[in-house]
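Asker: To start, I am sharing the structure in question, which I have written as C-alpha cells.
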Amino acid sequence: MKLLKKLLAVIALLPALALANEGGFPLDRAPDRSHDLSSLQNGARLFVNYCLNCHSASLMRYNRLRDIGLTEDQIRDNLLFTSDKVGGLMTSNLTAADAKKWFGAAPPDLSVIVRAKSSGEGSGADWVYTYLRTYYKDDARATGWNNLVFPNVGMPHVLWELQGVRNAKFVEEKDPHDPTKTVHKFEGFEQIKAGKLNAQEYDAQVADLVGFMGWMSEPGKNKRQQLGVWVLLFMSLMVLLTWRLNASYWKEVK
C-alpha cells in the first residue's frame, strides 16, 4: 500500500514535470546508452554515489540491477550502503524534514524522472542530460549554484568535483517581444576551476548516468521492443499465409 501511494504521487506530478522546460533553454540530445551494459553499470555506480544521498528511487529494487549484468555479489559489494539489502528499494536516508530545512523542499523521487521530463522540447533524457551539464557558479543563490535549464534550482551541483567550477556569461539585449524591456542572453561558460574530468569525459559520465536513469524509468523497454519485433514478424507471416489461403480458396469458386 505504501509503495502504491508513492507510485500514485509520482504519476500525479508527471503533467507538471513534463511542461517544466517548455520554451526554456534549448536541450542537447542525450547519447543512447540503453543497450550498453558497461555504460548502464557505470551509470548505476554514479547514481548510487552522487544521487542516492538525497534522492530516492523508491520504485526500483537493487536486485533488479541483475538485468544490466550485475551479480548480487557485485551489487552488495559495490552499490549497497551498510543497512541496505539486495532485495530492498533504492531509498535515501535523507528525511523529508531535513531536506526541507536544507534545500527548501524535499528532493523528488527519481524512479521515473526521465519519462516525466519528456516534453515538446525534447525527450526526458535530453532534459536531464542538458540539466546536469549547465550548472554554473552563482553566489546570489543559497547553494552557490544556478542552472540554465532549471533557473533558481534548489539542488546544488553535486557533480562539480568532476566538472569543475564555471561562470556563465550573459549579455543584456532588448526583448524581441517587448522593446521596452531587456533580457539576459546566455553567451557561454567560463571555466574558473578545473574538475577531475575534461569536458568530453564529463559529458560521457553524464551520458552513462542519464542512460541508467532512463533504463530505471522503464527496465523492461528493451525486452518489450525485442518482443515487438518478433510479434510484427509473426503477424506479417500470418498475413502472407492468410492472403495465399484466401487466393487458393476463391480460385476454385471463380
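The values are calculated or read from the model by the stated rules, or taken from the named source; none is laboratory data. What you are looking at is a predicted structure, and each value in this text was computed from that prediction instead of being measured. With ideal geometry, Cβ positions are generated from the backbone for all residues, glycine too; neighbour counts draw on all protein chains shown. Note: areas computed on protein heavy atoms with side chains; ligands, DNA, RNA excluded. Shrake-Rupley method; radii C 1.70, N 1.55, O 1.52, S 1.80 Å.
Asker: As a test of the formula, what do you get for the chain when each DSSP H run with n ≥ 4 contributes -39,500 (n - 2.57) and the sum is divided by the residue count, at 222 nm and rounded to the nearest 500 deg cm²/dmol?
Answerer: About -13500 deg cm²/dmol.
Asker: Also, quick follow-up: Add +1 for every Lys or Arg and -1 for every Asp or Glu among the other residues with Cβ under 14 Å from the Cβ of residue 68, and state the total.
Answerer: Around residue 68, the surrounding residues sum to +2.
Asker: In addition: For helix 221-253, what angle does its Cα long axis make with the longest principal axis of the chain, in degrees from 0 to 90 and rounded to 10?
Answerer: 30 degrees
Asker: Collect residues whose amide H, placed 1.01 Å from N in the peptide plane, falls under 5 Å from the amide H of residue 58; neighbours closer than 5 in sequence don't count.
Answerer: Distant-sequence amide H within range of residue 58: 110, 111.
Asker: If you don't mind, there's one more thing I want to ask. Given 0.36 nm per residue, what is the gain on full extension from residue 181 to residue 201 after removing their alpha carbon distance, in nm?
Answerer: Between residue 181 and residue 201, full extension yields an extra 3.2 nm.
Asker: Can you tell me the 0 to 90 degree angle between the C-alpha axis of helix 37-46 and the longest principal axis of the chain, rounded to 10?
Answerer: On a 0 to 90 degree scale, this one is about 30.
Asker: Could you give the dipole magnitude of region 165-231 about its Cα centre, charging the beta-carbon of Lys and Arg +1 and that of Asp and Glu -1, in debye to the nearest 20?
Answerer: For region 165-231, the charge dipole is close to 280 debye.
Asker: Now a separate question. Which one of 158, 48, 183 has the biggest mean-square fluctuation once the chain is modelled by GNM with Cα springs under 10 Å?
Answerer: So, out of 158, 48, 183, the one fluctuating most is 183.
Asker: May I pose another question? For the chain, set up a GNM with springs between Cα atoms under 10 Å and report which of 241, 110, 94 has the largest fluctuation.
Answerer: Highest fluctuation among the options: 241.
Asker: Could you tell me the calculated FRET efficiency between residue 190 and residue 140, based on Cβ-Cβ distance and R0 = 22 angstrom, to the nearest 0.05?
Answerer: 0.85
Asker: Right, here's the next one. How much accessible area per residue does the chain have, in Å², with a 1.4 Å probe?
Answerer: 62 Å²
Asker: So what are the ³J(HN,Hα) numbers for region 191-208, from phi and the Karplus equation (6.51, -1.76, 1.60; θ = phi - 60°), rounded to whole Hz, Gly and Pro as x?
Answerer: 6, 10, 8, 6, x, 5, 10, 7, 4, 5, 5, 5, 4, 5, 5, 5, 4, 5
Asker: Hey, how many Å between the Cα centroid of region 185-254 and the Cα centroid of region 117-163?
Answerer: With region 185-254 and region 117-163 each reduced to a Cα centre, they are spaced 27 Å.
Asker: A further question follows. Of 117/137; 137/193; 117/196, which pairs sit farther than 19 Å apart, going by alpha carbon to alpha carbon? Walk me through the numbers on the way to the answer.
Answerer: Working: 117/137 24 Å; 137/193 11 Å; 117/196 29 Å.
Beyond 19 Å between Cα atoms: 117/137; 117/196.
Asker: Enumerate the aspartates and glutamates that residue 85 could reach by cross-link, defined here as Cα to Cα under 15 Å, with residues fewer than 8 away along the same chain left out.
Answerer: Candidates past the 8-residue exclusion: 72, 73, 77.
Asker: While we're on this one: Taking the convex hull of the alpha carbon atoms in region 103-146, what volume per residue do you get, in Å³? Intermediate values should be presented prior to the final figure.
Answerer: On the way: hull volume 4.0 nm³, N = 44.
It comes to 90 Å³ per residue, whole-number rounded.
Asker: Right, next: What Kirkwood radius, in Å to one decimal, follows from the Cα pairs of the chain?
Answerer: By the Kirkwood definition, the hydrodynamic radius is 21.0 Å.
Asker: Can you tell me the convex hull volume per residue for region 81-201, based on C-alpha atoms, in Å³ to the nearest whole number? List each step's numbers first, then the result.
Answerer: Working: hull volume 20.8 nm³, N = 121.
Per-residue hull volume (Cα only) is 172 Å³.
Asker: Sequence-distant or interchain residues sharing an amide H contact under 5 Å with residue 166, placed H: which?
Answerer: So residue 166 has HN proximity to 137, 192.
Asker: What are the extents of the Cα atoms of region 131-254 along their three principal axes, in Å, largest first?
Answerer: Computed over region 131-254, the largest-to-smallest principal extents equal 85, 43, 24 Å.
Asker: GNM on the chain, C-alpha springs below 10 Å: top fluctuator among 47, 186, 103?
Answerer: Greatest mean-square fluctuation among the candidates belongs to 186.
Asker: Right, something else. Pop a pseudo-label 7 angstrom from the Cα along the beta-carbon direction at both residue 105 and residue 49 and give the gap in nm to one decimal.
Answerer: If labels sit at residue 105 and residue 49, their model points lie 2.9 nm apart.
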